[in-house]
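Student: Sharing a structure below in structure tokens format, with a few things to ask.
Coordinate-derived values only; no laboratory data. Please read all numbers here as calculations on a predicted model, not as lab measurements. Cβ placement follows ideal geometry from the backbone for every residue including glycine, while neighbour counts extend to all protein chains displayed.
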Amino acid sequence: MKLNEVLNKPYSYTLKYDDYSVYTSFITDDKVIYDVEFVLESYIQSIHDLKNKAFTLDFTSLDKKNKSSQMITNTGDEFRIFATIMAIIKEFIKKFQPSQIWFSALEKSRISLYKKLIKKFAGPLKYKLTSAAYSGADGVLFGLRKM
């Protein structure tokens, strides 16, 4: 199966926003809940115009035992989960046109996946990788900037 085919089957979600963030949740077939949030980098910024602002992207999972994690869940559903994350990012970019998006990865496999996804999707979304700095022992902080 090709990457494009897998990324065309996201879970259902609805973007919402408040004064400082844009967020959504979705539930997988295995009943794992994912929370996805884009948080304004600076609360000093005007909250009435979310366009052209810098955001940090964060997503976590909540399993059947109500255990929250940002680590790989190993549920065997990673392609559909990332299809959903990519659909959320694309919709967020289209609606809010952020100037920058920051996100991080800890696991080597996720770092590799993020690099591949950035290479494939950043350009068509009119963003470029401006930073990929190591933020900890094994973690990488990625920065995307609008072209």
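Student: Given a cut-off of 20 Å, name the pairs among 53/115; 9/108; 9/90; 90/116; 94/120; 95/115 whose C-alpha atoms lie farther apart than that in the structure shown.
Tutor: Violating the 20 Å limit, Cα to Cα: 53/115; 9/108; 95/115.
Student: Can I ask one more? What is the spin-label model distance, in nm, from residue 129 to residue 35 if the labels are put 7 Å beyond Cα along the C-beta direction?
Tutor: 2.9
Student: To make sure I understand, if each residue's beta carbon is the centre and we count other beta carbons within 10 Å, what order do 130, 56, 84 fall in, fewest to most?
Tutor: Neighbour counts put them in this order, fewest first: 130, 56, 84.
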